[in-house]
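Peer 1: Before we start, here is the structure in question, set down as structure tokens.
The values are calculated or read from the model by the stated rules, or taken from the named source; none is laboratory data. Small disclaimer: the values here were computed from a predicted structure and weren't measured. When we count neighbours, we look across all protein chains shown, and the Cβ atoms used for this are built from the backbone with ideal geometry, even at glycine.
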Amino acid sequence: MERKKKNTVEEKGVKLNRRGFLKYGIGTGTILAVAPFPLRRVEAATFVGPEPSVENYDVIVVGHGMAAMTAALAAVERGAKVAVLEKQRKSLYGGNSRVSGGGFCTPQNNSDKAKELFVNDFMKKSRYRADKRMTESLAENVLKDIEWLIGHGFEFLDPEPTPPYNVNVRVAAPGWYRGMPRLLEGMLKKCKEKGMAAYYDTKARELLVDSSASIVGVRAETKDGFVDFHAGAVVLAAGGFGGNEQMLENWVGPGAGESMVRGARWVTGDGHRMAEAAGAVLVKMAGIDGIHVGAVHVKNPAAGNPFRILPYCIGINKNGKRYVDESLGYVAHGKAAMSQPDMEVALVFDQQIADMPAGKAVLEQFEGLKIEPIKANTLAELASKIEAPADTLADTIKQFNTAVSGKKALDADPPKTDLAFKIEKPPYFAFYPLKPGITLTFGGIKVDLNRRALQADGQLIKGLYAAGECVGGYFVDDYVGGGSLCRCLVDGRIAGENATKG
Ligand SMILES: Cc1cc2nc3c(=O)[nH]c(=O)nc-3n(C[C@H](O)[C@H](O)[C@H](O)COP(=O)(O)OP(=O)(O)OC[C@H]3O[C@@H](n4cnc5c(N)ncnc54)[C@H](O)[C@@H]3O)c2cc1C
């Protein structure tokens, strides 16, 4: 565990009186909040034994992924004394952010029109059930927030269009699935230079609430016992609940807990549960609409995701049939794959598609992962390699090719509404076997535009902010790729800034 000296409280000239009042210096010390002594909340157990030791900060950030590091950077930049708490050991910090593709979705430029198209794409993906004002907040802020990171010396690749959407993706350099460790490490270094403390093997267990119902800190479990981290504000950035079988079964439905987890298995909805215990409301949690699922290669469920080539391909199941409009993107495809025989599918394409930029990029991506695509000179050979009946596969492809007209195949079964290309130029390829894996969970803590946590009746929970995957409302059923890192960045920056105000 990396700890700051225990006497940091005295260094700032702030006094702690455990019987009376706790005084916090916020930011540069210009604001002084006075809060009654925190009440303890202990879930399902009675606390006995010596008092936990106490650490004092202006802002506590729970988590160490993209949302957390952005919040921490925004707060330390404003002179706040900040600590991040990470439940894992240092070598495993970073949650799902660290293993993610590193794509940040943005409007195509800074114009009102481009922002409107961005919002429309996201709203359409949620079947207009997402929170529009939150989505607009992403459109409004993400480009300047990426520039803010670039201003700190962090690198992104040039904007990449992502058809069929009217948005761009900026990928953390040096490229897909390689950029996030570098970005997070750089952010950690920058925050530490500005005085941030990072605590590892430190699992936040509950929020500390005072008698005025303000959140005044976090109780955490460490190897040395409980530690109470007192602060003027807490930012929950503990990620989603994809690693929590119980929450998946309860919220998403029976069987959901058996899905492959593409990211960090220890990201278990702790932020959701702590916030709920403190009175926050969780939204957009329920049902299959509450998760993001991709059909990914079993050899590498995290990075083995052929999503960029997917809209050009056809998906084939074990019966040799198509089962989804592939142009709807990889969440629609992943969820459709959940109900296919053996929950196992193949993405089929030909040389023409392999030669497209998306094809070349994905073939290169898989080469880097040492996963060979299946290659066959005839459809019969392909069928045997993807374990589908040859005659049905031939019929499916014939019917699909006949239906292709002007990049649509509306008479195909099922119809393909965009990016339809005939599968006719050998050799034929397939990514196989692909199985559904949970990428992220969509539901979470309801926040206002300042990323302050809300109760069900709309009342604020003072001192509590949330950022990233533990926030709900942005996405329902599906999202546009890059949307989650985009909201981690925007949420984190806004929450971090506001948390310095208490
Ligand atoms: C394989 C994969 C690829 C992806 N690719 C993309 C992509 O390219 N673009 C995109 O937009 N999205 C992508 N996503 C989704 C995206 O990565 C996540 O939604 C996002 O990174 C979540 O960030 P976060 O900071 O909210 O949480 P996380 O990055 O998951 O971080 C949560 C942190 O909190 C810590 N933590 C949890 N509980 C506690 C506790 N009680 N106490 C202390 N610490 C705790 C965890 O250990 C972790 O460090 C991908 C996801 C996966 C799995």
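Peer 1: Name the single residue, out of those in the stretch 224-241 being at pLDDT 95 or above and either not in a strand (DSSP E or B) or not assigned by TED's automatic domain parsing to the domain that holds Phe475 (or both), that is surrounded by the fewest Cβ atoms within 10 Å (Cβ to Cβ).
Peer 2: Step by step, filter the stretch 224-241, then rank; the result is Ala231.
Peer 1: Here's another thing I want to ask about it. For the stretch 59-102, how many residues are of a type outside the set (S, T, N, Q), under 22 Å from Trp148 (Cα atoms), out of contact with any His (no Cβ under 8 Å at 6 or more places or on another chain) and assigned to a loop (DSSP other than H, G, I, E, B)?
Peer 2: 9
Peer 1: Next up: For the stretch 211-219, state whether one or more residues are within 14 Å of the ligand (Cβ to nearest atom), in a strand (DSSP E or B) and surrounded by fewer than 20 Cβ atoms within 10 Å (Cβ to Cβ). Talk me through it step by step, then tell me what you get.
Peer 2: Of all residues in the stretch 211-219, those within 14 Å of the ligand (Cβ to nearest atom) come to 217-219.
Then keep just the ones that are in a strand (DSSP E or B); that gives 217-219.
Still in the running and surrounded by fewer than 20 Cβ atoms within 10 Å (Cβ to Cβ): none.
For the stretch 211-219, residues within 14 Å of the ligand (Cβ to nearest atom), in a strand (DSSP E or B) and surrounded by fewer than 20 Cβ atoms within 10 Å (Cβ to Cβ): absent.
Peer 1: Filter the stretch 127-182 for residues that are under 21 Å from Val362 (Cα atoms), among the hydrophobic types (A, V, I, L, M, F, W, C) and modelled with pLDDT of 95 or more and give the result.
Peer 2: Across the stretch 127-182, the qualifying residues are Phe156, Leu157, Val167, Val169, Val171, Ala172, Ala173, Met180.
Peer 1: Further, regarding this structure: Of the residues Ala409, Ala388, which single one is in contact with a strand residue (DSSP E or B) (Cβ under 7 Å, 6 or more places away or on another chain), surrounded by 15 or more Cβ atoms within 10 Å (Cβ to Cβ) and over 18 Å from Lys318 (Cβ atoms)? Quick ask: steps written out before the conclusion?
Peer 2: Values: Ala388 fails: over 18 Å from Lys318 (Cβ atoms).
Of Ala409, Ala388, the one residue that is in contact with a strand residue (DSSP E or B) (Cβ under 7 Å, 6 or more places away or on another chain), surrounded by 15 or more Cβ atoms within 10 Å (Cβ to Cβ) and over 18 Å from Lys318 (Cβ atoms) is Ala409.
Peer 1: Specify the residue that is nearest to the ligand (Cβ to nearest atom); the eligible residues are those in the stretch 258-271 that are in contact with a Leu (Cβ under 8 Å, 6 or more places away or on another chain) and farther than 16 Å from Leu85 by Cβ.
Peer 2: Gly263
Here is a yes/no grid of residues against (1) without any contact (Cβ under 8 Å) to a residue 40 or more places away in the chain; (2) of a type in the set (A, V, I, L, M); (3) out of contact with any Lys or Arg (no Cβ under 9 Å at 6 or more places or on another chain):
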position	(1), (2), (3)
Gly175	no, no, yes
Arg178	no, no, yes
Leu188	no, yes, yes
Ala198	no, yes, no
Leu207	no, yes, no
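Peer 1: Is it true that some residue in the stretch 479-488 is crowded, with 24+ Cβ neighbours inside 10 Å and away from the ligand (no atom under 16 Å from the Cβ)?
Peer 2: Looking for residues that are crowded, with 24+ Cβ neighbours inside 10 Å and away from the ligand (no atom under 16 Å from the Cβ), one finds none in the stretch 479-488, hence no.
Peer 1: With respect to Phe475, is the statement that it is surrounded by 24 or more Cβ atoms within 10 Å (Cβ to Cβ), in contact with a His (Cβ under 8 Å, 6 or more places away or on another chain) and assigned by TED's automatic domain parsing to the domain that holds Lys321 true?
Peer 2: So Phe475 fails the test.
Peer 1: Let me ask you something else. Looking only at strands (runs of 3 or more DSSP E) that lie completely in the stretch 423-502, which have at least 1 residues being modelled with pLDDT of 95 or more, touching a helix residue (DSSP H, G or I) at 6+ places or on another chain (Cβ under 6 Å) and closer than 30 Å to Asn300 by Cα? Let's see the steps before the verdict.
Peer 2: Numbers: elements: 428-441, 452-454, 460-466.
Result: 428-441.
Peer 1: Is it the case that Lys124 is touching a Pro at 6+ places or on another chain (Cβ under 9 Å), at negative phi and either part of a helix (DSSP H, G or I) or not aromatic (Phe, Trp, Tyr) (or both)?
Peer 2: Details: touching a Pro at 6+ places or on another chain (Cβ under 9 Å): no; at negative phi: yes; either part of a helix (DSSP H, G or I) or not aromatic (Phe, Trp, Tyr) (or both): yes.
It is false that Lys124 is touching a Pro at 6+ places or on another chain (Cβ under 9 Å), at negative phi and either part of a helix (DSSP H, G or I) or not aromatic (Phe, Trp, Tyr) (or both).
Peer 1: State all residues of the stretch 221-242 that are touching a Pro at 6+ places or on another chain (Cβ under 7 Å) and among the hydrophobic types (A, V, I, L, M, F, W, C); if no residue qualifies, say none.
Peer 2: Phe226, Val227
Peer 1: Under 8 Å by Cβ, and 6 or more places apart or on different chains, what pairs join a residue from the stretch 85-96 that is in the same structural domain as Leu183 (by TED's automatic domain parsing) and of a type in the set (Gly, Ala, Ser) with one that is more than 7 Å from the ligand (Cβ to nearest atom) and part of a helix (DSSP H, G or I)?
Peer 2: Gly94/Met180; Gly94/Pro181; Gly94/Leu184
Peer 1: Only helices (runs of 4 or more DSSP H) wholly contained in the stretch 298-415 count here; list those with 2 or more residues that are under 33 Å from the mean Cα position of the chain (by Cα). Before the answer, list the steps.
Peer 2: Details: elements: 330-338, 351-354, 357-368, 379-385, 390-403.
The qualifying helices (runs of 4 or more DSSP H) are 330-338, 351-354, 357-368.
Peer 1: Would you pick out the residues in the stretch 76-107 that are surrounded by 18 or more Cβ atoms within 10 Å (Cβ to Cβ), over 24 Å from Gly269 (Cα atoms) and more than 18 Å from the chain's Cα centre (by Cα)?
Peer 2: Val76, Glu77, Arg78, Ala80, Lys81, Pro107, listed by residue number.
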